[in-house]
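I have placed the structure first, in the form of structure tokens, so that the comments after it can refer back to it.
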Amino acid sequence: MSATRHRALGGGVNHVLDYLRRMQAENPSFFYAIQGDNDHTGGSIFWADATSRMNYAYFGDTVVFDTTYRTNRYRVPFASFTGLNHHGQPVLFGCALILNDSEASFAWLFQTWLHAMSDRRPISITTDPDRLIQMAVTQVLPETRLRFNRWSIFKETQEKLAHIYQSQPTFEIEFKKCVNETETINEFESSWVSLLERYFVMDNEWLQSMYNARQQWVPAYMRDTFFGDFSITERNIGLNSFFEGFVNASTTIQMLIKQYEKAVASWHEKELKSDYDTTNTSPVLKTPSPMEKQAANLYTRRIFMKFQEELVETLANPATKIDDSGTVATYRVAKFGEEHKAHT
């Protein structure tokens with residue numbers, strides 16, 4: 001972090017530390033830590049309240065580590081660990097002030113966060129495509145599947161290939177289609193080669209580097225890993241959605257704690273409302289299927305709606321038995337009108 005920015009944060013860091021000490025005195029389950037012997041002149045600060053730690057015990061399979069507010073556009077180098085609850089709403093797993101941009105600082109942050117979460121490692125983590133973060137995740141969470149936020153990659157590609165985007169308006173549409181809509185690895189590979197050839201960008205260094213990192217951001221390579229409902233594509237959704245509307249470019253460090261508390265209270269209220277709706281109202285069933293009826297009683301309203309959508313969709317995908325050799329039966333499944341995309 002730049003010295004000017006560090007000076008600008010000044011006494012505001014003490015304001016945050018006073019708050020953290022007070023919170024821990026009120027509730028011993030409130031966790032906070034400062035990098036480097038409590039000398040907060042250059043180390044990062046991490047904290048997680050009791051609710052964040054409990055949320056992680058329930059919903060910690062997949063995590064988003066958001067460092068959007070670390071860029072110089074924002075006054076406060078704020079970062080958050082979030083997930084999704086049983087209503088598909090963002091939940092908080094901890095926050096940090098990153099006062100030192102280095103691999104060691106990120107490694108300290110992940111280790112500290114992991115310690116606060118009882119050393120339970122997530123299945124997957126989504127972050128911005130940042131080399132320092134990638135190295136820290138590899139070091140501290142070697143078994144966790146790392147995914148880069150696709151939205152950031154699309155945005156950066158637009159900047160790096162501005163000349164192509166301007167002279168070839170169809171490139172962006174085809175590039176996103178190649179990434180988002182290919183269902184298998186082979187389909188992606190052939191689509192990628194044909195895209196590069198059609199636009200004469202076979203030797204483009206940026207596209208080559210993105211291709212080399214494809215296992216970290218192209219959906220076709222990630223179908224074997226659980227990422228919850230984080231479909232991070234067009235908008236920066238999932239990343240920073242917990243603090244969206246509460247923390248922005250003009251938020252100062254003095255305002256940060258107040259905005260942090262407002263965001264936590266707001267999402268708590270939304271969760272209570274969704275709990276109430278799930279318990280006290282009945283969803284409208286769309287099929288006579290006993291499975292749909294059972295799911296309506298088991299799932300929260302939001303998750304049931306997603307399940308119902310999938311169930312109704314299956315009606316347009318008939319399965320036709322094409323072979324039956326005793327122990328093995330083979331079916332051909334194709335959506336009406338999309339027979340060329342049949343699955344066996």
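Taken over region 170-213, the criterion of being exposed (fewer than 12 other Cβ atoms within 10 Å of the Cβ) and of a type outside the set (Ser, Thr, Tyr) is satisfied by Ile173, Asn186, Glu197, Phe200, Met202, Asp203, Glu205, Asn212.
Would you mention how many residues in region 62-94 are under 30 Å from Arg301 (Cα atoms) and under 15 Å from the mean Cα position of the chain (by Cα)? Selection size over region 62-94: 18. Among the conditions (1) within 17 Å of the chain's Cα centre (by Cα); (2) on the phi > 0 side of the Ramachandran plot; (3) among the small types (Gly, Ala, Ser), Ser124 misses just one, which is (2). The C-beta contact set for region 237-250 (first residue at pLDDT below 65, second residue part of a loop (DSSP other than H, G, I, E, B) and open to solvent by 80 Å² or more (accessible area, probe 1.4 Å), distance under 8 angstrom, 6+ apart or interchain) is empty.
Taking the listed residues Arg147, Arg120, Arg75, the one that is touching a residue at least 12 places away in the same chain (Cβ under 8 Å), in contact with a Leu (Cβ under 9 Å, 6 or more places away or on another chain) and farther than 26 Å from Gln254 by Cβ is Arg120, with no other qualifying.
Within the bounds of region 260-282, is there any residue that is in a loop (DSSP other than H, G, I, E, B) and of a type in the set (Gly, Ala, Ser)? Taking every residue of region 260-282 in turn, at least one turns out to be in a loop (DSSP other than H, G, I, E, B) and of a type in the set (Gly, Ala, Ser). Just one of (1) free of Cβ contacts under 8 Å to residues at least 24 places away in the same chain; (2) closer than 30 Å to Glu181 by Cα; (3) assigned to a loop (DSSP other than H, G, I, E, B) fails for Phe304. It is (3). Taken together, the residues in region 302-323 that are open to solvent by less than 90 Å² (accessible area, probe 1.4 Å) and not hydrophobic (A, V, I, L, M, F, W, C) amount to 8. Residue count for region 179-205 satisfying the condition of being farther than 15 Å from Arg150 by Cα and outside any loop (DSSP other than H, G, I, E, B): 15. Scanning region 246-292 for residues that are of a type in the set (Gly, Ala, Ser), exposed (fewer than 14 other Cβ atoms within 10 Å of the Cβ) and more than 21 Å from Val16 (Cβ to Cβ) gives a single hit, Ser282. Filter region 307-332 down to the residues that are touching a residue at least 12 places away in the same chain (Cβ under 8 Å) and not in a strand (DSSP E or B) and list them by number. If the condition is that a residue be touching a residue at least 12 places away in the same chain (Cβ under 8 Å) and not in a strand (DSSP E or B), then Phe307, Gln308, Leu311, Val312, Leu315, Ala316, Asn317, Pro318 are the ones that fit.
The values are calculated or read from the model by the stated rules, or taken from the named source; none is laboratory data. As the structure is a prediction and not an experimental result, all values here were calculated from the model. Cβ: placed from backbone, ideal geometry, glycine included. Neighbour counts: every protein chain shown. The protein model used for the area step is the full one, side chains on, heavy atoms only, and it has no ligands, DNA or RNA in it. Shrake-Rupley method; radii C 1.70, N 1.55, O 1.52, S 1.80 Å.
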